[in-house]
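Let me begin by presenting the structure, written as structure tokens, before commenting on it.
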Amino acid sequence: MMLNPMAKDNPTILVVEDEAAIREMLNFSLGRAGFDVHEAADARQAQDMINQQVPDLVLLDWMLPGTSGVDLAQKIRHNTRTRELPIILLTARGEEENKIKGLEAGADDYVTKPFSTQELIARIRAVLRRTVSPGSEEIIKVGDLSLDTVSHRVIVNETPVELGPTEFRLLHFFMSHAERVFSRSQLLDQVWGNNVYIEERTVDVHIRRLRRALEAYNCDKYIQTVRGAGYRFSEQV
Ligand code: CA
């Protein structure tokens, strides 16, 4: 049987950008990098397209006429059909405070304009890798830690680590989203669920417990406090 190489599914990227020149440039360069690119000029058109077919990733401009990129990101997150849909926000230079707002709205990453297409493509691939792997992997390994998502066990050098259920979920989330900064409210949404009302301090309490549990194995260093932003799980210490 002949296999058509074109039949292989390319990841679909929905580019939401009102500036036609940027949209065309993105369509061209992402297309050449092997992505199927769909274009929307505003949030409403993007929403219509997502309703018809959920893409693999949304590249979303912050400044859009009508509904802003952040509002659309929030809508995407609050719809059960699209809550896992990866979003990369495009922000303008100098909008530093927007980055945190964007991440809190549910974006997976952001890229500041003007950007190099090479960098953008690398970020897209990184986000796609992250979103594909967590659910499908049974054992997640970062540094000296292995986490078994099926038996709910955490092992360091063949020694099981005792963790409470919340600490386990927190560590699971961190290990499947390593190298990224999360604010306390994002961690609440992701680990506790966004229908629960819990104070942000609760996150600090559980982070402290998790660190204490990992301390004996010298793995508490992976959980890093990022001043003014939140926490990051990283092997690079
Ligand atoms: Ca724009």
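The values are calculated or read from the model by the stated rules, or taken from the named source; none is laboratory data. Here the structure is a predicted model, which means the values were calculated and not measured. Please note: Cβ atoms are built from the backbone with ideal geometry, for glycine as well, and neighbour counts cover all protein chains shown. The area values use the complete protein model at the heavy-atom level, side chains included, leaving out ligands, DNA and RNA. Shrake-Rupley method; radii C 1.70, N 1.55, O 1.52, S 1.80 Å.
Observations, loosely collected:
- Any hit, segment 181-199, residues being touching a strand residue (DSSP E or B) at 6+ places or on another chain (Cβ under 8 Å), touching a residue at least 12 places away in the same chain (Cβ under 8 Å) and more than 24 Å from ASP109 (Cα to Cα): no
- Residue match in segment 153-163 (condition: open to solvent by 60 Å² or more (accessible area, probe 1.4 Å) and within 20 Å of ARG232 (Cα to Cα)): no
- Condition broken by TYR197, with the remaining ones in (1) modelled with pLDDT under 85; (2) over 29 Å from LYS101 (Cβ atoms); (3) aromatic (Phe, Trp, Tyr) satisfied: (2)
- Exclusive hit being open to solvent by less than 20 Å² (accessible area, probe 1.4 Å), modelled with pLDDT of 90 or more, within 18 Å of SER146 (Cα to Cα) and more than 15 Å from the chain's Cα centre (by Cα), set GLU167, GLU215: GLU167
- Residue within segment 120-140 that is under 23 Å from ASN10 (Cα atoms) and within 16 Å of the ligand (Cβ to nearest atom) present: yes
- Restricted to segment 142-237, the set of strands (runs of 3 or more DSSP E) holding at least 2 residues that are closer than 28 Å to ASN79 by Cα comprises 230-233.
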